[in-house]
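Heads up, the thing below is written out as structure tokens.
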């Protein structure tokens, strides 16, 4: 198992701090904004679907893979390499748009930075851990099928 670096700890802390800023009720203006929560609901569905295919204990919050981790390429992993990050982004974007307050929107920036930093590190580790990972990268997108 790769030892967790200071940068990995920083990225995880940044991620959780950003989530706290996004969900904090700075100014709630829910009138007419309820449809944005549908985006959050979609994120929750994607997250549940992902966990159903990538069993608990096969992944963690750090970019370093667990020692006994296996490469999963079924379910949502057929289309994207990081469906949990997709899920988190959709949930948080929906909440920020629902809240409609500038601090909530600003919380999205460090969240995106943390997730992109984690993705880069995670993919480097997975490429070293799994021989098939480079082929998997060639046929899938990172976060959104057919887009990115």
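Quick notes on this structure:
- Members of region 121-145 that are assigned to a loop (DSSP other than H, G, I, E, B), free of Cβ contacts under 8 Å to residues at least 60 places away in the same chain and surrounded by 17 or more Cβ atoms within 10 Å (Cβ to Cβ): none
- Residue satisfying condition, being touching a residue at least 24 places away in the same chain (Cβ under 8 Å), over 16 Å from residue 87 (Cβ atoms) and part of a helix (DSSP H, G or I), within set 17, 43, 47: 17
- Here is the figure for region 63-119: residues that are under 15 Å from residue 136 (Cα atoms), more than 14 Å from the chain's Cα centre (by Cα) and part of a helix (DSSP H, G or I) total 2.
- Some residue of region 80-100 being touching a residue at least 60 places away in the same chain (Cβ under 8 Å), surrounded by fewer than 17 Cβ atoms within 10 Å (Cβ to Cβ) and farther than 17 Å from residue 144 by Cα: no
- Restricting attention to region 45-58, the residues that are at pLDDT 90 or above and over 12 Å from residue 75 (Cα atoms) total 1.
- Qualifying position, being modelled with pLDDT of 95 or more and under 18 Å from residue 16 (Cβ atoms), among 106, 90, 42: 90
- So residue 32, is it assigned to a helix (DSSP H, G or I) and either in contact with a helix residue (DSSP H, G or I) (Cβ under 7 Å, 6 or more places away or on another chain) or at pLDDT below 90 (or both): no
- From 67, 63, residue being within 19 Å of residue 132 (Cα to Cα) and either free of Cβ contacts under 8 Å to residues at least 24 places away in the same chain or surrounded by 13 or more Cβ atoms within 10 Å (Cβ to Cβ) (or both): 63
- No other residue among 117, 107, 57, 47 is under 17 Å from residue 13 (Cα atoms) and surrounded by fewer than 20 Cβ atoms within 10 Å (Cβ to Cβ) apart from 117.
The values are calculated or read from the model by the stated rules, or taken from the named source; none is laboratory data. Because the structure is predicted, anything quoted here is derived from the model rather than measured. Glycine gets a Cβ as well: all are built from the backbone with ideal geometry, and neighbour counts include every protein chain shown.
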